[in-house]
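Input: a single structure, listed below in structure tokens.
The values are calculated or read from the model by the stated rules, or taken from the named source; none is laboratory data. Just so it is clear, the model here is predicted, and its values are computed rather than measured. Every residue, glycine among them, receives a Cβ derived from its backbone with ideal geometry; neighbour counts consider all protein chains shown.
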Amino acid sequence: MGKIYRYEQLDSTNLEAKRIAQQGADHGSVVIARSQDKGRGRLGKSWHTVPGKGLYLSVIVRPQVAIEEYAKLTLVAGVAVARVVSEVIAEKVQLKWPNDVLICGKKCAGILAESSALNLSAEDRFVILGIGINVNQSLSDFPEELLSICTSLKEKTGRTISIDDLFTQVYDSLLQQIERFGKGLFSEILSEWREYDFLAGKEMECVDIDGKRVRGVSLGPDEKGALFIRTKKGSLHEVLSGDVRLAISD
Ligand code: BTN
């Protein structure tokens with residue numbers, strides 16, 4: 001099974017996991033770092049890393065499923081992280097499609113799934129599931145632009161949380177959910193995901209990867225892991241990727 005690779009400092013745990021995966025690391029191996037100076041977020045954004053105060057890890061997954069199924073892994077990881085964080089803060093978190101974990105509407109964790117080149121042979125292909133959790137950050141650790149949209153587990157609970165213990169919980173939970181997914185139980189995972197759904201029934205706007213704006217009510221993710229939106233005119237839009245935000249009222 002997987003091996004744990006621990007680092008004090010990296011460029012990005014996702015990048016290191018990718019390098020290790022290219023050298024043949026096993027399914028389930030994980031990279032964890034105390035700090036990273038090129039933390040990566042979705043859609044080319046960066047991830048704000050505070051050395052020693054957050055949990056930064058990336059798991060190597062060698063999915064035994066078709067490439068079209070890979071997008072579902074972000075939701076699989078979302079359930080794994082939501083379960084653990086909800087237990088730690090003793091309150092149910094929300095999941096904002098596809099990858100944000102929220103506490104009272106503020107982001108405490110993000111998930112970045114990155115795959116290897118898809119034209120590799122099935123045994124060489126992999127997906128890196130990168131997770132960043134704001135754990136012991138105080139508000140003063142966040143830059144001005146993140147202050148109103150981010151939070152940490154410490155801010156919520158008032159307690160300092162052991163990053164080592166949290167790592168063990170998150171890693172175990174991830175392996176458990178990945179195994180569940182591998183057994184073909186995505187619809188079970190999806191119904192659990194929907195219990196955390198932050199956007200369900202809300203008016204929202206989505207900018208898809210082509211930069212096209214779609215505005216409507218979120219109907220939540222479907223069996224493919226894509227988000228369904230119903231516009232005012234009643235048409236349905238399926239969004240496989242893109243940035244999602246609550247619509248700002250006119
Ligand atoms: C997002 O919300 O945009 C996804 C953020 C993912 C951040 C984590 S931190 C650990 C791993 N390494 C990275 O470079 N990114 C992910």
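Here is how the numbers come out for the structure above:
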| quantity | calculated |
| --- | --- |
| Region 123-141 residues that are under 30 Å from Arg159 (Cβ atoms) and part of a strand (DSSP E or B), paired with ones that are among the charged types (D, E, K, R) and within 15 Å of the ligand (Cβ to nearest atom) (beta carbon under 8 Å, 6 or more apart) | Gly130/Arg40; Gly130/Glu114; Asn134/Lys53; Asn134/Lys107 |
| Failed item, numbered, when Ile111 is tested on (1) buried (at least 18 other Cβ atoms within 10 Å of the Cβ); (2) touching a residue at least 40 places away in the same chain (Cβ under 8 Å) | (2) |
| Pair list, Cβ < 6 Å and 6+ apart or interchain, from region 32-48 residues that are at positive phi to residues that are assigned to a strand (DSSP E or B) and not hydroxyl-bearing (Ser, Thr, Tyr) | Leu43/Asp243 |
| Residue check for Arg83: assigned to a strand (DSSP E or B) and either out of contact with any Leu (no Cβ under 9 Å at 6 or more places or on another chain) or of a type in the set (Ser, Thr, Tyr) (or both) | no |
| Checking Lys232 against (1) in contact with an Asp or Glu (Cβ under 7 Å, 6 or more places away or on another chain); (2) at pLDDT 85 or above; (3) not aliphatic (A, V, I, L, M), the condition it does not meet | (1) |
| Residues (outside any helix (DSSP H, G or I), within 12 Å of the ligand (Cβ to nearest atom) and not aliphatic (A, V, I, L, M)) located in region 7-28 | Tyr7, Asp11, Ser12 |
| Check on Ile67, touching a Leu at 6+ places or on another chain (Cβ under 6 Å), among the β-branched types (Val, Ile, Thr) and more than 29 Å from Lys224 (Cα to Cα) | no |
| Residue check for Asp124: modelled with pLDDT of 95 or more and away from the ligand (no atom under 16 Å from the Cβ) | no |
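Here's the yes/no breakdown for (1) in contact with a Phe, Trp or Tyr (Cβ under 9 Å, 6 or more places away or on another chain); (2) closer than 21 Å to Leu166 by Cβ; (3) within 15 Å of the ligand (Cβ to nearest atom):
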| position | (1), (2), (3) |
| --- | --- |
| Val30 | yes, yes, yes |
| Arg34 | yes, yes, yes |
| Ser46 | no, no, yes |
| Gly52 | no, yes, yes |
| Leu55 | yes, yes, yes |
| Val59 | yes, yes, yes |
| Arg62 | yes, no, no |
| Val79 | yes, yes, no |
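Conditions tested, residue by residue: (1) among the charged types (D, E, K, R); (2) at pLDDT 95 or above.
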{"site": "Glu145", "(1), (2)": "yes, no"}
{"site": "Leu153", "(1), (2)": "no, yes"}
{"site": "Lys156", "(1), (2)": "yes, yes"}
{"site": "Asp164", "(1), (2)": "yes, yes"}
{"site": "Gln169", "(1), (2)": "no, yes"}
{"site": "Gln177", "(1), (2)": "no, yes"}
{"site": "Glu188", "(1), (2)": "yes, yes"}
{"site": "Ser191", "(1), (2)": "no, yes"}
{"site": "Asp197", "(1), (2)": "yes, yes"}
